[in-house]
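Below: the structure, in structure tokens.
The values are calculated or read from the model by the stated rules, or taken from the named source; none is laboratory data. Note that the coordinates shown come from a computational prediction; the quantities given were computed from them, not determined experimentally. Cβ coordinates were reconstructed from backbone atoms using ideal geometry, including for glycine residues, and neighbour counts include every protein chain displayed. We work out accessible area using only protein heavy atoms, side chains counted, and drop any ligands, DNA or RNA first. Shrake-Rupley method; radii C 1.70, N 1.55, O 1.52, S 1.80 Å.
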Amino acid sequence: MRFLPLLLLGAALPAAAELRVENLEAKRSEWETYRFPLFKGDSPAIGRINTYLHAVVLNGLPGRFERSPFERIWPKEGEIWGTNNIDYMIDGQGPGYLSLSVTGEYTGAYTSMGTFTYPFDLTSGRPIGLEQLFTPAGLQRLGERVGHERGQRIEAFLAELPPPADATAELDEDDERLETQRSMYQECLPRRSNSDLTYNRMELGRDSLKLIAEGCAPHVVLALDDLGEYSNSIPYAQLADDFSPYGRCLLLEQRSDCQRPADLRAGGAYRGKIDGRYAISLVLEGNVYASSSYFYERYARQIELSQRTISADQVRLYEGGDNPAIFDLHLQPDGSLTGTWQQQGGKALPVELR
């Protein structure tokens, strides 16, 4: 295991003039390599970014491990399930935001590559969502623009395919490939043409916003997907009329004093106590694949939370296992969370998190 200085990022943080990041690295074989960031600094924002990333990607808390930061995600001895390798890159950074991508090879029912993007507000350390950057009308226009471009791309590809084979003719291997491809893209066209950006990854570059949606093909016919992912990059200047005040401040004006909206939908990392005694870290994932989790600081063991219901200012989280429990939490004007944690049949205990 090596912990190596990687780079300096000029970020205007409340408690630091620059954001430093180190590599956490491990190598199990020539192809099982792991690299992940640990941001350095004393501000609460940096602590929240580290907690969020390490909990969501590595299933643990920063610095709380026995042998390696990756020990909870790599395949166990004699098994194939887990993360075979992982790496990251900084996609963009401005005075008030940081955007990074994590790419890995994962083995479950089959082995596949996956990339996840994480944009953060550097003043608060909370993740950033599309709903915070755009007005409702602006987000609708963005979705329509992206959907139109993607629809045109699929339609142009379909127009270049040879005409369908005669229904009475016997299909050879090439004919079958073309018909499978044609059917796949025709079925996918309505999904990629619509304005719903829920399942898109978002990257914040220096001068442009990028939205990425996965390709059309399921794993079994992945080799037939000639179009691959759908990536749309739009300069910030072209989105001026669509941004919210926060989005304009952060991305157009490139300022470091932007006020991120008090909104739970993008998720975030919080620390505090249950009943004033039990110190915990709670991580709310803001994407559609979210499962959320929390950790008692004393043990640093991840406890998954499911069946989440969430709004802009309220969240309910369910803890399973032998002793089921429920978090009921409300967002306060100062950005903190207050509410209760209650085990089944037990007393509701107060919760305060920041």
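Structure values in brief
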read-out: Scope region 221-270; condition part of a helix (DSSP H, G or I) and without any contact (Cβ under 8 Å) to a residue 12 or more places away in the chain; matching residues; value: Leu222, Ala223, Gln238, Pro245, Arg248
read-out: Filter result for Arg255 (under 20 Å from the mean Cα position of the chain (by Cα) and among the basic types (Lys, Arg)); value: no
read-out: Residues satisfying the stated conditions in region 204-220, i.e. in contact (Cβ under 8 Å) with a residue 24 or more places away in the chain and outside any strand (DSSP E or B); value: Gly205, Arg206, Asp207, Cys216, Ala217, His219
read-out: Residue check for Gly228: open to solvent by less than 60 Å² (accessible area, probe 1.4 Å), at positive phi, modelled with pLDDT under 95 and in contact with a Gly (Cβ under 9 Å, 6 or more places away or on another chain); value: no
read-out: Of residues in region 264-296 being more than 23 Å from Thr117 (Cβ to Cβ) and surrounded by 15 or more Cβ atoms within 10 Å (Cβ to Cβ), the one nearest to the chain's Cα centre (by Cα); value: Tyr294
read-out: Criterion violated by Gln186 - all others in (1) within 30 Å of Ala26 (Cα to Cα); (2) without any contact (Cβ under 8 Å) to a residue 60 or more places away in the chain satisfied; value: (1)
read-out: Region 106-121 residues that are over 30 Å from Pro261 (Cα atoms) and open to solvent by 40 Å² or more (accessible area, probe 1.4 Å), paired with ones that are in a strand (DSSP E or B) and of a type in the set (Phe, Trp, Tyr) (beta carbon under 9 Å, 6 or more apart); value: Ser112/Tyr106; Met113/Tyr106
read-out: The one condition in (1) of a type outside the set (Ser, Thr, Tyr); (2) open to solvent by 20 Å² or more (accessible area, probe 1.4 Å); (3) at pLDDT 95 or above; (4) not in a helix (DSSP H, G or I) that Phe70 fails to fulfil; value: (2)
read-out: Hey, Gly321 among the small types (Gly, Ala, Ser) and within 15 Å of Thr51 (Cα to Cα) or not; value: no
read-out: Out of Pro324, Pro333, Pro350, sole residue that is out of contact with any Pro (no Cβ under 6 Å at 6 or more places or on another chain) and modelled with pLDDT under 95; value: Pro333
read-out: Among (1) under 28 Å from Gly129 (Cβ atoms); (2) surrounded by fewer than 11 Cβ atoms within 10 Å (Cβ to Cβ) - the single one Glu187 does not satisfy; value: (1)
read-out: Yes/no for Cys216 being under 24 Å from Gln132 (Cα atoms) and either open to solvent by less than 30 Å² (accessible area, probe 1.4 Å) or of a type in the set (Lys, Arg) (or both); value: no
read-out: Breaking point among (1) free of Cβ contacts under 8 Å to residues at least 60 places away in the same chain; (2) open to solvent by less than 10 Å² (accessible area, probe 1.4 Å), for Tyr97; value: (1)
read-out: Cβ pairs under 9 Å, 6+ apart, first in region 331-342 and at positive phi and open to solvent by 50 Å² or more (accessible area, probe 1.4 Å), second modelled with pLDDT of 95 or more and not in a strand (DSSP E or B); value: none
read-out: Arg64 being outside any strand (DSSP E or B), open to solvent by 70 Å² or more (accessible area, probe 1.4 Å) and at pLDDT 90 or above; value: yes
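Table: residues versus (1) over 29 Å from Gly339 (Cα atoms); (2) modelled with pLDDT of 95 or more; (3) out of contact with any helix residue (DSSP H, G or I) (no Cβ under 9 Å at 6 or more places or on another chain).
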{"site": "Asn232", "(1), (2), (3)": "yes, yes, no"}
{"site": "Leu252", "(1), (2), (3)": "yes, yes, no"}
{"site": "Asp263", "(1), (2), (3)": "no, no, no"}
{"site": "Val288", "(1), (2), (3)": "no, no, yes"}
